[in-house]
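Here is the structure we will look at.
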């Protein structure tokens, strides 16, 4: 999930609607500052005490990005816990300018989960009429991929009664930034939407899959590193016993990356490049068809596809740092060694040069990938351990867990 998860065209429309014409040259940063100022002014006058009522989940629910998929999982998680959340897609709000909008419920009170990151959350709060959200228990569901949270996020946190994050990595980053709003670790309930396809029958080739949304920074996802690891692990092209599939999203918004990627592939016939948009079901099938999911990432807020792969019985070989450690930390055979380096993002998404992220050890990744290729038993055993770890995380979404939360005391449960 990227720092800015709304498509760039929609972002431009947001700040044009928020920022006075004379300040538009300052760009999106000014837009979010204006949004925070507007929301802060509303809350400065106080608000009614929160009372019981419905639960609403707002997010980019119709999108195909990781943050959209995660928001849909939140809806499923709340249903699993016994609630009937009203779904509120923010995409139409962000795609148009005009008068303040509302929420899809008439009843006041209850809980409102805004499953978008801080900049989009501030924009949504400033565009939606305060009359419909003052007095609701507001929960922001955020994910960030660096250990240093932007100061603007910490300022936005005060608009919420509680923050949910998918991993301890993100929780630690928020607390280190001085956020005083209560932070609750809520791992994505990915097991509720686990791939429904059993691992497909192999065509005889050992298949490695790498995936990444280019808007989430191809440097962070380290797709080029995946290619290098595969080429070093299996240098013999003529054997036709191995293949790497590199699936990317948002290539249209990152046309220069196609050239970089194809140059890295270097004409290898055993490396396939996929850039078309796939549905959730098609992604499930793609993941389930792999023998290993490879992610030498530099940082992850959670690692959604890694968890999905493990649930599908596919071992995920990934950098042993950041959000995925919560469910992979006790599987050293699948954790790539690393050291920390200063952030240098060739994709331009992350500009925090003072922050650090992981530089995976290519040699260690090559060794572990070869070990997985050599042993079906190792692949099955490590995937099973990973699956068990992901399943254990779903306890956070049990009805009993919600009974102990403020949301559980405020949101009306489903009558069915």
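Data for the structure
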| read-out | value |
| --- | --- |
| Qualifying residue in the range 373-383 (condition: part of a helix (DSSP H, G or I), more than 25 Å from residue 170 (Cα to Cα), touching a residue at least 24 places away in the same chain (Cβ under 8 Å) and touching a strand residue (DSSP E or B) at 6+ places or on another chain (Cβ under 8 Å)) | yes |
| Wholly enclosed helices (runs of 4 or more DSSP H) of the range 220-290 bearing at least 2 residues in contact (Cβ under 8 Å) with a residue 60 or more places away in the chain and touching a strand residue (DSSP E or B) at 6+ places or on another chain (Cβ under 9 Å) | 223-233, 280-288 |
| Qualifying residues in the range 144-160 (those that are touching a residue at least 40 places away in the same chain (Cβ under 8 Å) and either outside the structural domain of residue 176 (by TED's automatic domain parsing) or under 18 Å from residue 356 (Cβ atoms) (or both)) - the one surrounded by the most Cβ atoms within 10 Å (Cβ to Cβ) | 145 |
| Some residue of the range 250-263 being modelled with pLDDT of 90 or more and crowded, with 17+ Cβ neighbours inside 10 Å | no |
| Filter pass, residue 309 being closer than 29 Å to residue 380 by Cβ, within 22 Å of the chain's Cα centre (by Cα) and in a helix (DSSP H, G or I) | yes |
| Filtered residue count, the range 393-408, keeping only those that are touching a residue at least 12 places away in the same chain (Cβ under 8 Å), surrounded by fewer than 17 Cβ atoms within 10 Å (Cβ to Cβ), in a helix (DSSP H, G or I) and out of contact with any helix residue (DSSP H, G or I) (no Cβ under 7 Å at 6 or more places or on another chain) | 2 |
| Residue match in the range 346-354 (condition: in the same structural domain as residue 304 (by TED's automatic domain parsing), buried (at least 18 other Cβ atoms within 10 Å of the Cβ), touching a strand residue (DSSP E or B) at 6+ places or on another chain (Cβ under 9 Å) and assigned to a loop (DSSP other than H, G, I, E, B)) | yes |
| Candidates 297, 338, filtered to the one that is buried (at least 20 other Cβ atoms within 10 Å of the Cβ) and either more than 16 Å from the chain's Cα centre (by Cα) or not assigned by TED's automatic domain parsing to the domain that holds residue 379 (or both) | 338 |
| Residue check, residue 322 buried (at least 24 other Cβ atoms within 10 Å of the Cβ), over 12 Å from residue 365 (Cα atoms) and within 17 Å of the chain's Cα centre (by Cα) | yes |
| Enumeration of residues in the range 385-406 that are assigned by TED's automatic domain parsing to the domain that holds residue 107 and in contact with a strand residue (DSSP E or B) (Cβ under 7 Å, 6 or more places away or on another chain) | 406 |
| Output for the range 54-77, where each listed residue is over 15 Å from the mean Cα position of the chain (by Cα) and within 17 Å of residue 160 (Cβ to Cβ) | 55, 56, 57, 58 |
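Table: residues versus (1) modelled with pLDDT under 95; (2) surrounded by fewer than 19 Cβ atoms within 10 Å (Cβ to Cβ); (3) more than 20 Å from residue 188 (Cα to Cα); (4) outside the structural domain of residue 387 (by TED's automatic domain parsing).
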residue: 275; (1), (2), (3), (4): yes, yes, yes, no
residue: 293; (1), (2), (3), (4): no, no, no, no
residue: 304; (1), (2), (3), (4): yes, no, no, no
residue: 315; (1), (2), (3), (4): no, no, no, no
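The values are calculated or read from the model by the stated rules, or taken from the named source; none is laboratory data. Please read all numbers here as calculations on a predicted model, not as lab measurements. Quick reminder, even Gly has a Cβ in these numbers, built from the backbone with ideal geometry, and neighbours come from all protein chains shown.
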